[in-house]
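One structure is given below, encoded as structure tokens.
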Amino acid sequence: MGTLALPALAQDMRSVTDHAGYVVEVPAKAMRIVSLSDWTTTIMAHELGVTPVGSVGRASGDGTFHIRSGRELYDLDFDDMALASVHGQLDMEVIAALERDLIVGLQSDTIAHRDTLASIAPTLLFDTENGKEPLENYAEFAGWLGLDVEFQALNTAYEARIADYLAQHPDQSNLGSYVGLRPNVEDGDISIYRTFGAMTTVLDDIGFTHHPVVDVVPANEQRTSVSAELIGEMNADYVFAGHMADRGETEDVPLAELEPVAPGASNFLVAVQNERFISRSRFHVSPPTFAALNYFLDRLETVN
């Protein structure tokens, strides 16, 4: 395909290093962004005040497409931007046809196509699974876009909410331990999370502590899969998980899926016995965004 990277419309340029280690010349303040990750970079750019001109979307089953997590957290849809591609099926011709000055995407989804994308426009790869705290990654993303001030304003407002919450709940100095996990029914193992987007960020900020089993996750990774035989080592005070509400899943699904993977787990996990096995909608709490942080913070009264 004979596409060429367009000039950045006479903007000043600067060098940034993305999460994949590429040094990229980008506009000092990108204004026409094509985002190839709906639940991360699309929402983050929108939240920072620059709604992408195009985004990947997901098939809804009725012939339409939606922006995962953008729909849930911001009511974003394709009236707000163009459909740049369907998730998992990048269409280079459609992307190239959009007037754009920057392409951003999730490293795990797009690195195989990076060279082609970079021939269309400056391309930055974002990584949610590099072991860093979600807000650290988000701050770096904002810096790439020249939107540090906007990020700091959102972060200051979030920190004020946390401070207010702690002031109203002074008894939260020792909330107990938690582990974030996901049963993998097909593989017969269990994913343990060091970070689970907004959900674990809030839990850490209000005083929960990681159960020691979380240390099995390598320092430079977000999660790891372990044998179901280790379920006995996951006996935290709380267990947090996520479910996909748009697939009809309810908050009971993760625990129901744990049973065939680790038979009898419900009988000895303290969190289950104390009704502290808690699941939240993944599309609301897994994005590393302030809307997701506030969503989970608004619902903390049900975590007890």
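The values are calculated or read from the model by the stated rules, or taken from the named source; none is laboratory data. Since this is a predicted model, take the numbers as computed values, not measurements. Note that we place each Cβ from the backbone using ideal geometry, even for glycine, and neighbour counts take in every protein chain shown.
The table below lists the values:
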item: Test: residue in region 37-53 that is more than 22 Å from ALA245 (Cβ to Cβ), out of contact with any strand residue (DSSP E or B) (no Cβ under 9 Å at 6 or more places or on another chain) and either at pLDDT 95 or above or of a type outside the set (Lys, Arg) (or both); result: yes
item: Number of the exception - GLY88 against (1) on the phi > 0 side of the Ramachandran plot; (2) more than 23 Å from the chain's Cα centre (by Cα); (3) not aliphatic (A, V, I, L, M); result: (2)
item: Complete set of residues in region 230-261 that are assigned to a loop (DSSP other than H, G, I, E, B), closer than 24 Å to HIS210 by Cβ and touching a strand residue (DSSP E or B) at 6+ places or on another chain (Cβ under 7 Å); result: ALA236, ASP237, GLU251
item: Subset of region 200-229 (residues that are in a loop (DSSP other than H, G, I, E, B) and in contact with a Phe, Trp or Tyr (Cβ under 9 Å, 6 or more places away or on another chain)); result: PHE208, HIS211, VAL217, GLN222
item: Region 249-285 - residue that is modelled with pLDDT of 95 or more and among the aromatic types (Phe, Trp, Tyr) and, of those, farthest from THR201 (Cα to Cα); result: PHE277
item: Within region 7-95, strands (runs of 3 or more DSSP E) holding 3 or more residues that are in the same structural domain as LEU106 (by TED's automatic domain parsing), more than 23 Å from VAL149 (Cα to Cα) and out of contact with any His (no Cβ under 6 Å at 6 or more places or on another chain); result: 54-59, 82-86
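Table: residues versus (1) loosely packed, with under 15 Cβ neighbours inside 10 Å; (2) without any contact (Cβ under 8 Å) to a residue 40 or more places away in the chain; (3) out of contact with any Gly (no Cβ under 6 Å at 6 or more places or on another chain).
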residue	(1), (2), (3)
VAL185	yes, no, yes
PHE196	no, no, no
THR201	no, no, yes
THR209	no, yes, yes
GLY232	yes, yes, yes
GLY242	no, no, yes
